[in-house]
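J.: Shown below is the structure under consideration.
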Amino acid sequence: GIVADLGLITYAVLFTAVLKLPLFLIGTDYIVLTLAGMAGIILSIGMAVDANVLVFERMKEELRRGRGVRNAIDSSFRHAWPAIRDGNISTLITCGILFVVGTSIVRGFAIALSMGILLSLFTAVTVSRWILHRIAETPIADKPELFGGKKQPPQAL
């Protein structure tokens, strides 16, 4: 949960930075956030949470099967990736259709949602994986019960 929270905080910071930068870094115009744009942002937050849930639930399954933390991390991202990819690509296709056929408000929704989807893909897959790999290098990785796995019996000497 903490790692997912860190990934979502990173997502929020990056999205805020994108909204505060001048449009495409070449003009002086800024992105105007409308009610439709806010709805797109909220929906993209839901997609980011969904990606994290898929990865971490898969990781708990791998840990319950007795895999080590490092192997469970790699396996969970590998097995969750097709579902994350397909859900986000279908949403991006829908955003493209909405942008082409929609009015200005619908286009704002499509742009905000597509920006959020791209950022959520980056944070859920790249940032969360990086954080988990850093944690796997620490002594915390010796306690799989902290990640939702089975508690290991004490080693006999």
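J.: Considering each of ARG58, ARG78 in turn, give the residue that is without any contact (Cβ under 8 Å) to a residue 40 or more places away in the chain, open to solvent by less than 70 Å² (accessible area, probe 1.4 Å) and either assigned to a helix (DSSP H, G or I) or more than 30 Å from ILE2 (Cβ to Cβ) (or both).
T.: It is ARG58.
J.: Moving on. Just wondering, is there one or more residues in region 19-40 that are out of contact with any Gly (no Cβ under 6 Å at 6 or more places or on another chain) and at positive phi?
T.: There is at least one residue in region 19-40 that is out of contact with any Gly (no Cβ under 6 Å at 6 or more places or on another chain) and at positive phi.
J.: Moving on. Does ALA12 satisfy being out of contact with any helix residue (DSSP H, G or I) (no Cβ under 9 Å at 6 or more places or on another chain) and free of Cβ contacts under 8 Å to residues at least 40 places away in the same chain?
T.: no
J.: What are the pairs, 6+ residues apart or on separate chains, where a residue within region 82-95 that is on the phi > 0 side of the Ramachandran plot and of a type in the set (Ser, Thr, Tyr) has its Cβ under 8 Å from a residue that is open to solvent by 70 Å² or more (accessible area, probe 1.4 Å) and not in a helix (DSSP H, G or I)?
T.: none
J.: Scan region 121-132 and report the pairs whose first residue is more than 11 Å from ILE9 (Cβ to Cβ) and open to solvent by 20 Å² or more (accessible area, probe 1.4 Å) and whose second residue is among the β-branched types (Val, Ile, Thr) and modelled with pLDDT of 90 or more, with Cβ atoms within less than 8 Å and a gap of 6+ or a chain change.
T.: Listed by first residue and then by second, the contacts come to LEU121/ILE84; VAL125/ILE84.
J.: Quick test of your reading of the structure: ILE111 fulfils all but one of (1) open to solvent by less than 60 Å² (accessible area, probe 1.4 Å); (2) modelled with pLDDT under 90. Name the failing condition by number.
T.: (1)
The values are calculated or read from the model by the stated rules, or taken from the named source; none is laboratory data. Since the model is a prediction, treat every value here as computed from it, not as a measurement. Reconstructed Cβ throughout: ideal geometry from the backbone, glycine too, with neighbour counts over all protein chains shown. For accessibility, only protein heavy atoms count, side chains too; no ligands or nucleic acids. Shrake-Rupley method; radii C 1.70, N 1.55, O 1.52, S 1.80 Å.
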